[in-house]
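The values are calculated or read from the model by the stated rules, or taken from the named source; none is laboratory data. Every value quoted in this text rests on a predicted model; they were computed, and no experiment measured them. Cβ placement follows ideal geometry from the backbone for every residue including glycine, while neighbour counts extend to all protein chains displayed. All accessible areas refer to the heavy atoms of the entire protein, side chains included, with ligands and DNA or RNA removed. Shrake-Rupley method; radii C 1.70, N 1.55, O 1.52, S 1.80 Å.
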Amino acid sequence: MSAKADPRALAAQALASVVAGQSLRAASDSSAAKIHDLRDRALLSALLHEGARWWLRFDVALDAMLERPLRERDADIRALLVLGLVQLQIMGMSDYAAVAATVEATRALRKSSFAGLVNALLRRWLREREARTAQLDREAATRTAHPRWLIEKLQFDWPEQAESILAANNAPAPLWLRVNRRRVARADFVAQLHAAGIGCQLPQAEPDALVLDASRDVTALPGYAQGFFSVQDGAAQQAAILLDLHAGQRVLDACAAPGGKSAHILETADVELTALDSDARRLPRLRENLARLGLTADVRTGDAAVPHDWWDGKPFDRILLDAPCSATGIIRRQPDVKLHRRADDIPALVATQARLLDALWPLLGRGGRLVYATCSVLADENASQIAAFVQRHPDARAVAAPLAWHAAGAGRQNLPGESGMDGFFYALVDKHN
Ligand SMILES: C[S@@+](CC[C@H](N)C(=O)[O-])C[C@H]1O[C@@H](n2cnc3c(N)ncnc32)[C@H](O)[C@@H]1O
């Protein structure tokens with residue numbers, strides 16, 4: 001089998017490039033395109049996600065077992081070995097099948113000279129796994145496969161919940177959908193899913209949401225092409241509700257791409273929406289999403305921190321700032337955050353968020369509302385950010401969001417996995433009349 005079609009070999013190459021800095025999404029998309037068999041594609045995706053999720057545990061395990069370090073040009077073999085351990089320890093594959101297929105993948109990588117090493121190392125793991133697992137479990141970083149700085153920050157910000165956050169980050173996330181109420185009633189859509197043999201749950205608190213019983217290719221679900229639904233976590237579905245939308249309002253989604261929340265805003269009320277993003281490469285996807293759902297917005301490329309370049313001078317009634325953030329609330333969906341995010345990134349993100357808040361505030365009309373959102377669980381980006389903002393702006397009044405989540409300063413925080421949802425923070429800030 002060539003590397004082209006061997007899911008383990010492709011996953012190893014992709015995982016090595018994620019470790020070197022490529023985003024998991026980009027690596028996953030480009031390697032999936034090389035595989036046609038749907039089951040192999042699903043295996044590739046599972047290997048890649050679990051490999052990134054558990055890298056910081058099994059990479060250390062390898063270091064302890066390798067007699068000589070692998071060369072840099074053999075980063076794909078290191079990734080293949082980590083994937084071997086992930087198959088044995090995390091994915092529940094039979095020992096024999098996992099070892100045999102991983103050894104075979106060295107051939108697909110055209111590195112069959114490593115077949116003996118891969119075979120010997122995985123077999124040694126099987127013989128010694130109890131002692132080696134106990135050793136890895138002694139340190140929080142290798143037990144939970146998280147970087148130390150993040151563990152410490154979570155322990156500081158969420159001392160009682162840190163362990164459950166770390167555990168939730170290591171569990172795959174359920175598949176949430178948002179039903180496009182302009183195209184179909186939720187009950188009718190559920191009936192169509194049931195008729196197709198697809199089970200789902202209906203969360204009580206999210207009026208447009210449903211959670212599928214199992215992950216699947218959403219483009220093959222009934223009504224995809226007709227725009228009946230979008231993929232969106234339940235926590236993200238709160239934004240449009242918290243904006244308190246009414247027909248005729250002028251609304252700004254300041255960091256809009258790929259448009260999940262923009263679309264929900266337009267599905268919820270007949271508003272005039274400006275959907276802005278500074279990254280022009282992300283806007284075609286936003287436009288495609290709106291077109292599929294039958295929605296229209298004024299889509300613009302622009303820096304939200306420099307309104308002079310794109311604002312027509314008319315105040316907005318509502319502003320959503322879904323700010324660029326550490327993504328520490330969605331590690332279960334994007335486990336490469338563990339590998340790519342550094343402690344030093346946080347002050348820079350906090351400064352950007354503050355700059356965006358300050359630049360957007362003058363665009364909000366009196367009596368208007370700004371909703372600040374992040375998919376972070378860190379206080380610096382959330383509670384402290386909003387406390388400092390309200391301090392700087394005497395006409396800003398933080399209002400408690402009607403969410404049964406953790407109180408986080410003036411905002412509300414869902415932690416990863418709670419109510420099946422992502423880690424998310426919202427703060428509502430109203431402008432005095
Ligand atoms: C969290 S994502 C937004 C997700 C989006 N709201 C959704 O629900 O689909 C943050 C977005 O902010 C954009 N962004 C970052 N800095 C920006 C800036 N200065 N002005 C406008 N957009 C910015 C990024 O390109 C990215 O698309």
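Spacing of the modelled spin labels on M65 and A33, each 7 Å from Cα toward Cβ, amounts to 3.4 nm.
Other residues whose C-beta falls under 10 angstrom from the C-beta of A275 contribute a net charge of 0, scoring Lys and Arg +1 and Asp and Glu -1. Temperature 20 °C, viscosity 1.002 mPa s: under these conditions the Stokes-Einstein estimate for the chain, based on its Kirkwood radius over C-alpha pairs, is 92 µm² per second.
Electrostatic tally near Q22: other residues with Cβ closer than 14 Å to its Cβ, Lys and Arg +1, Asp and Glu -1, net -2. With a simple spin-label model that places each label point 7 Å from the Cα along the Cα-to-Cβ direction, the separation between S112 and I198 comes to 4.3 nm. For segment 238-431, the solvent-accessible area with a 1.4 angstrom probe is 37 square angstrom per residue.
Between A191 and D395, what FRET efficiency follows from the Cβ-Cβ distance if R0 is 60 Å, with the result rounded to 0.05? Approximately 0.80, to the nearest 0.05.
What net charge is computed for the residues neighbouring Q201, neighbours being all others with C-beta under 15 Å from the C-beta of Q201, Lys and Arg scored +1, Asp and Glu -1?
-1
Measuring spread by the Cα atoms of segment 176-231 yields a radius of gyration and Dmax of 10.0, 27 Å. Per-residue Karplus couplings for segment 339-353, computed as 6.51 cos²θ - 1.76 cosθ + 1.60 with θ equal to phi - 60°, are listed in order as 8, 9, 6, 10, 4, 5, 5, 5, x, 5, 5, 4, 5, 4, 4 Hz, Gly and Pro entered as x. Along the axis of the charge dipole computed for the chain (Cβ charges of +1 for Lys and Arg, -1 for Asp and Glu, origin at the Cα centre), the listed residues L266, G92, H36 are led at the positive end by H36.
Beta bridges per DSSP, both residues in the chain: antiparallel share near 60 percent. Under a 5 Å amide H cut-off, with hydrogens placed 1.01 Å from N, R300 pairs with A275, L276, D277 among residues at least 5 apart or on other chains. Its alpha carbons considered, segment 7-141 gives a radius of gyration followed by a Dmax of 13.9, 42 Å. Computed on the chain, with alpha-carbon pairs under 8 angstrom and 6+ residues apart, the relative contact order is 12 percent.
Protein heavy-atom accessible surface, 1.4 Å probe, per residue over segment 7-141: 49 Å². For the chain, the number of Lys pairs separated by eight or more positions or lying on different chains, with C-alpha atoms closer than 17 Å, is 4. Between R73 and V306, the modelled labels are 4.4 nm apart [label points 7 Å from Cα along Cα→Cβ].
Calculate for the chain the 222 nm mean residue ellipticity that helices alone would give, adding -39,500 (n - 2.57) per DSSP H run of length 4 or more and normalising by residue count, nearest 500 deg cm²/dmol.
-13500 deg cm²/dmol
The string of couplings for segment 224-230 from the Karplus curve (6.51, -1.76, 1.60, θ = phi - 60°) is 4, 5, 7, x, 6, 7, 9 Hz, one whole number per residue in order, with x for Gly and Pro. Sequentially through segment 328-337, phi angles give Karplus couplings (6.51, -1.76, 1.60; θ = phi - 60°) of 6, x, 10, 4, 4, 8, 10, x, 5, 4 Hz, Gly and Pro residues having no value and appearing as x.
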